[in-house]
Amino acid sequence: MLKFARTYIRIVDAVNYRLGRIMMYGIFVMMAILLWSSISKTFFLPSLWTLEMAQFAMVAYYILGGPYSIQMGSNVRMDLFYGAWKPCTKALVDAFTVFFLIFYLAVLLWGAIDSTAYAFQYSERSPTAWRPYLSPIKMIMTIGFLLMLLQAISELFKDILRVRGLEPCPADDEEPA
């Protein structure tokens, strides 16, 4: 079990770390789209696609960056008591509360899979003037929810190992390989 947990943690953390580092630059993609939108509205004919494409870029940015945020502990916590607790107590409480996150992400993933299947089956399109197909962005959302779920399970394994007095990975303070 220990070897499986450490291998799972190492693989999931490595994938989400690399994807998160790449997605950090997604904000620049959105800014470029919005800059083009401003330029085209000022000097040329306004583009129909810019606002919706910026929204799609933002969705990809935060959905695919979510697993990295969970991994880095960048999520919001109520730190009224948590900051003063010992690491073992923190790990125990985190191991309990992560089940709520796992349940929530499983429900989101279920809905995303159903919605993506619908978008592919019926060639669902946006009701705007541009009318892009919605299946690509729904696929990105499904992948993002899956990766967040995998990362939440990785965090559960880390917390269980910490409660047992073990290090999740021998070189836990280094970035994932």
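A few comments on the model shown:
- Length-normalised contact order for the stretch 1-128 - Cα pairs under 8 Å, 6+ apart - percent: 24 percent
- Electrostatic dipole magnitude of the chain [Cβ: Lys, Arg +1; Asp, Glu -1; Cα centre; debye, to 20]: 120 debye
- Exposure proxy ranking, count of Cβ atoms within 10 Å, fewest first, for Leu166, Leu134, Leu19: Leu166, Leu19, Leu134
- Under 15 Å, Cβ to Cβ, from Leu134 - net charge with Lys/Arg +1 and Asp/Glu -1: 0
- For the chain, the calculated P(r) over all alpha carbon pairs, in 10 Å bins from 0 to the bin holding the longest distance, is 9, 29, 30, 19, 10, 3, 0 percent.
- Summing charges over neighbours of Ile102, with a neighbour being any other residue whose Cβ is under 13 Å away from its Cβ, gives -3 when K and R count +1 and D and E count -1.
- Derived scalar couplings ³J(HN,Hα) [the stretch 107-122; Karplus, 6.51 cos²θ - 1.76 cosθ + 1.60; whole Hz; x for Gly, Pro]: 5, 4, 5, 4, x, 5, 5, 4, 5, 5, 4, 4, 4, 6, 5, 10
- Label-point gap, in nm, between Ile27 and Arg164 - each point 7 angstrom along Cα→Cβ: 3.9 nm
- Each of Leu35 and Leu48 was given a label point 7 Å from its Cα along the Cα-to-Cβ line. The distance between the two points is 2.6 nm.
Taken together, the values in this text are just the output of simple stated rules run on the coordinates, not laboratory data. Quantities reported herein were computed from a predicted structural model and do not represent experimental measurements. Every residue, glycine as well, gets a Cβ built from its backbone with ideal geometry; the counts of neighbours run over all protein chains shown.
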